[in-house]
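One structure is given below, encoded as structure tokens.
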Amino acid sequence: MLPIIRYSDVDDAVRRANGTEFGLDASVWGTNQAAAKLVAQKLDAGTVWVNKHAEIAPHVPMGGIKSSGIGVEFGEEGLAAYTTIKIINAAP
């Protein structure tokens, strides 16, 4: 299930979508792929899909912004969140 915002002006739709406290993910749907990508760049969300939704892959980082989570899961960035780097620098 996806929320659908009825709009007549793209900038108004982006303003309303960004006007929430949430920002986990979003999707933009349209027949003009280039225009949809431009709208996607304007959305305040951790992940924005174009003409699809919730395609999650283990090698692609995913994280939210605003009140939709802290940190990142998946990908190298997600693995880094679960590791601690320790450097031992000893004389020869």
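The values are calculated or read from the model by the stated rules, or taken from the named source; none is laboratory data. In this text, all values refer to a predicted model and were calculated from it rather than measured experimentally. Please note: Cβ atoms are built from the backbone with ideal geometry, for glycine as well, and neighbour counts cover all protein chains shown. Accessible surface is based on the protein model in full, side chains and every heavy atom, while ligands, DNA and RNA are left aside. Shrake-Rupley method; radii C 1.70, N 1.55, O 1.52, S 1.80 Å.
Scanning the range 1-15 for residues that are open to solvent by 60 Å² or more (accessible area, probe 1.4 Å) and within 17 Å of the chain's Cα centre (by Cα) gives Leu2, Pro3, Arg15.
Taking the criterion of being hydroxyl-bearing (Ser, Thr, Tyr) and either modelled with pLDDT under 90 or closer than 24 Å to Gly19 by Cα (or both), the only residue of the range 31-62 that qualifies is Thr47. Among the residues of the range 42-69, just one is out of contact with any Gly (no Cβ under 8 Å at 6 or more places or on another chain), among the β-branched types (Val, Ile, Thr) and open to solvent by 60 Å² or more (accessible area, probe 1.4 Å), namely Ile56.
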